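Presented below is the structure to which this report refers.
The values are calculated or read from the model by the stated rules, or taken from the named source; none is laboratory data. If you're wondering where the values come from, they're calculated on a predicted model, not measured in any experiment. Here the Cβ positions follow ideal geometry from the backbone for every residue, glycine too, while neighbour counts run over all protein chains shown.
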């Protein structure tokens, strides 16, 4: 049997875990089943990740990197916060529609984490909040830090809600319409806030 480099094997296991979790849930995603879908020995999975929890965390890290890479490909020309938030929201929702297994796997892992290992769920959510807050902090017209925290969490709740709707209804056109309306609402809030701040 040909030797498979550790990084290649690692990616195979992550991809297989996403597929299995998306369709069978975290409880159904045994390490044996994931190794089977990856076409690799079970011992190799345990060698690379040691535990199932480590593999679940790797899935979250992979998702965060894929989302970041997708967003980094969007041209940015000194946009303000409203434009940045609109583009990020529409991009994230479109990405979820194109990658339904990742969206469903993310949801499954969060729900499993809430029931079995709250630290995984909390750490993963904090990772996403932090990544998006970093993006918003670096644009023109950003918010003070305390408001930025709240804004980012509300933004995340909107994206999560739209992802849940798509997972349930599988209607890409309706989901993108809802996302456009949500983006309009965010822009309207930020414009109103700017006017209010300027009048003080």
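In the stretch 132-141, which residue that is in contact with a helix residue (DSSP H, G or I) (Cβ under 8 Å, 6 or more places away or on another chain) and surrounded by fewer than 16 Cβ atoms within 10 Å (Cβ to Cβ) is nearest to residue 108 (Cα to Cα)?
First, the residues of the stretch 132-141 that are in contact with a helix residue (DSSP H, G or I) (Cβ under 8 Å, 6 or more places away or on another chain): 132-133, 135-137, 139-141.
This time we only want the ones that are surrounded by fewer than 16 Cβ atoms within 10 Å (Cβ to Cβ), so: 137, 140-141.
Values: 137: 30, 140: 36, 141: 36 Å.
The extreme case among them is 137.
Considering the stretch 59-94 alone, what residues qualify as being modelled with pLDDT under 85 and crowded, with 20+ Cβ neighbours inside 10 Å?
60, 63, 67
For a quick check of your reading of the model, give me the residue pairs whose first member lies in the stretch 95-124 and is at pLDDT 80 or above, whose second is outside any helix (DSSP H, G or I), with beta-carbon atoms closer than 8 Å and at least 6 apart or on different chains.
As it stands, the answer is 100/170, since those pairs meet every condition given.
Does the stretch 15-56 hold any residues that are in a helix (DSSP H, G or I), buried (at least 20 other Cβ atoms within 10 Å of the Cβ) and under 23 Å from the mean Cα position of the chain (by Cα), and which are they?
Within the stretch 15-56, 16, 17, 18, 20, 21, 22, 26, 34, 38, 49, 55, 56 meet the criteria.
Suppose we filter the stretch 129-171 for residues that are touching a strand residue (DSSP E or B) at 6+ places or on another chain (Cβ under 8 Å) and on the phi < 0 side of the Ramachandran plot; how many remain?
Residues that pass the stated criteria total 2.
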